[in-house]
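The values are calculated or read from the model by the stated rules, or taken from the named source; none is laboratory data. Just so we're clear, the structure is a prediction, and the values are computed from it rather than from any experiment. Positions of Cβ are generated from backbone atoms using ideal geometry, with glycine treated the same way; all protein chains shown enter the neighbour counts. For the accessible areas, the whole protein counts, side chains as well, though only heavy atoms, and no ligand, DNA or RNA atoms are used. Shrake-Rupley method; radii C 1.70, N 1.55, O 1.52, S 1.80 Å.
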Amino acid sequence: MKVITLFENRTISKDYKSKHGLSLYIETANHKILFDTGTDESFAYNARKLGVNLEDIDTAVISHGHYDHGGGLEEFLKLNSKARIYIGKGAFDNHLIKLFWIFKYDIGLKKKLINNQRLVFVDRMLKIDDELILFGNVKGNKLVPKGNDNLLKYSGGLAKKDDFEHEINLLVNENHKYSLFCGCAHKGIINVIERAKDIIDIDSDLNSDLNTVIGGFHLMGMKVNNSKSKEFLDELSSILSSNNVKKYYTCHCTGEQTYSYLSKKMTNLSDLKTGIIIDV
């Protein structure tokens, strides 16, 4: 399986556009997948530079209802006429970010796209075929990111803390080796991994396990010199290192300082930037 980083906060070359957001191209034996679209049409510009033909995409996934992951959806719909676009139920709700405890800014998706006939709304779990599984419904409260406190959604006319029930993740099965793709893991990367492993146990009749994890961990802004943050990150790195996952690739909302801290604790952690290509 090949994974190309079409869009990320940083870039390996000035030839590519980059800012806060995420878009990945995933090529498997049977599928060409777009996982998230970044903020705008920049992912398409980078795709052309990287030799990815977006017209060939057969499956697209929007991991959750924030513009930095689905802001380029309208552009993708213009460029691709065949792919089904899988998105979590509730992704088009009103999503907000709270800054300085006073100001609230819209960070949601374009509402005019909600009735597009190519959208497939995912609730809890959907098995597309023997290779692809989408899932939400992540339970558990282990090491849930503190950054969630500033993310809101309108419900019943009031702005309430987002429960991220609109967030979905992708499991790819190739030769009974499973790879997990997550946009931001707002539910907590440990809880997402545990849910993925539960699904793998049910899905596979062989001794299969989660081989690779790719995505953001939503740890940006953590003060790594703070004692509580260190305690959080030490526990996180310990669990990630001991749960039998061969390799982690993180990016986007993990944050450079937190990545640097975790990479000193873990031997199987790397980061992604716009333009990076990996074979999984």
request  = Compute the relative contact order of the chain as a whole-number percentage, counting only Cα pairs closer than 8 Å that sit 6 or more residues apart in sequence.
outcome  = 18
request  = Rank Leu240, Leu126, Leu99 by mean-square fluctuation in a GNM of the chain with C-alpha springs under 10 angstrom and give only the top-ranked residue.
outcome  = Leu99
task = Compare Gly157, Gly183, Gly140 in a GNM of the chain, Cα atoms joined below 10 Å, and give the one with the largest fluctuation.
result = Gly157
note = Summing -39500 (n - 2.57) over every DSSP H run of at least 4 in the chain, dividing by its residue total and rounding to the nearest 500, the 222 nm mean residue ellipticity is -6500 deg cm²/dmol
request  = Please work out how much accessible surface Tyr261 shows to a 1.4 Å probe, ignoring ligands, DNA and RNA, in Å² rounded to 10.
outcome  = 40
request  = Please work out the average accessible area per residue across the chain, using the 1.4 Å probe convention, and give it in Å².
outcome  = 46
ask   = Based on DSSP, what percent of beta bridges with both residues in the chain are antiparallel, to the nearest 5?
value = 60
ask   = What spacing in nm lies between the two simple spin-label points modelled at Glu174 and Tyr45, each 7 Å away from Cα in the Cβ direction?
value = 3.0
key: the chain shape via C-alpha gyration tensor axes, a/c threshold 1.5   = rounded
request  = Run the numbers on segment 81-195 and let me know its relative contact order in percent, using alpha-carbon pairs under 8 Å that are six or more apart.
outcome  = 28
remark   = the chain, Gaussian network, Cα under 10 Å: of His95, His64, His20, the residue fluctuating most is His20
request  = Let me know the shape class of segment 127-202, please: from the alpha-carbon gyration tensor, a ≥ b ≥ c as square roots of the eigenvalues, rounded when a/c is under 1.5, otherwise prolate if a/b is greater than b/c, or oblate.
outcome  = prolate
query = Share of segment 1-125's accessible area from carbon and sulfur, percent, 1.4 Å?
reply = 47
Shape call, segment 182-270: gyration tensor on alpha carbons, a/c limit 1.5 = prolate
query = What relative contact order, as a whole-number percentage, does segment 1-125 give when Cα pairs under 8 Å and 6 or more residues apart are counted?
reply = 19
